[in-house]
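The values are calculated or read from the model by the stated rules, or taken from the named source; none is laboratory data. Worth saying up front: this structure is predicted, and the values here are computed from it rather than measured. Glycine gets a Cβ as well: all are built from the backbone with ideal geometry, and neighbour counts include every protein chain shown. Note: accessible area is taken over every heavy atom of the protein model, side chains too, but ligands, DNA and RNA are not part of it. Shrake-Rupley method; radii C 1.70, N 1.55, O 1.52, S 1.80 Å.
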Amino acid sequence: MSKYDVAGTLKRLRAKSGMTAEAIGQLVGRSGKTVNAWEHGNGQPDAEMLIKLSQMYHVENMLDE
């Protein structure tokens, strides 16, 4: 899975949740700019953050999405 696959998945799940990047950032302790960067393939969340995001978006495995 490429960083762009991860980015697209993060963006799609956030949009599906109806939340802004700013709101997600506040919930996970990062800035909205950081969340936006993840969603555009300019950096990636670490494994711990992917787990947190998966739980927040109610998905079993972010990489399977």
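What to note about this one:
- Paramagnetic label zone (point 7 Å from Cα along Cα-to-C-beta, Asn61; backbone N under 18 Å) in segment 1-39: 1-3, 5-7, 9-10
- Remark: relative contact order (segment 1-59) = 37 percent; criterion is Cα-Cα distance under 8 angstrom and separation of 6 or more residues.
- Alpha-carbon Rg/Rh ratio, for the chain, with Rh computed the Kirkwood way: 0.90
- Normalised per residue, the accessible area of the chain is 64 Å², obtained with a 1.4 Å probe and no contribution from ligands, DNA or RNA.
- Comparing Ala47, Ala23, Ala37 in a Gaussian network model of the chain, where Cα atoms under 10 Å apart are tied by springs, the biggest mean-square fluctuation is seen for Ala47.
- Accessible area of the chain belonging to carbon and sulfur atoms, whole % at 1.4 Å probe: 49 percent
- Taking a straight line from the alpha carbon of Lys16, these aspartates and glutamates sit under 18 Å away, with near neighbours fewer than eight places off in the same chain left out: Asp5, Glu39, Glu60, Asp64, Glu65.
- Simple label model, 7 Å out from Cα along Cβ direction - Asp46 to Met1, nm: 1.9 nm
- Most mobile listed residue (Glu39, Glu48, Glu22) in the chain, GNM with C-alpha springs under 10 Å: Glu48
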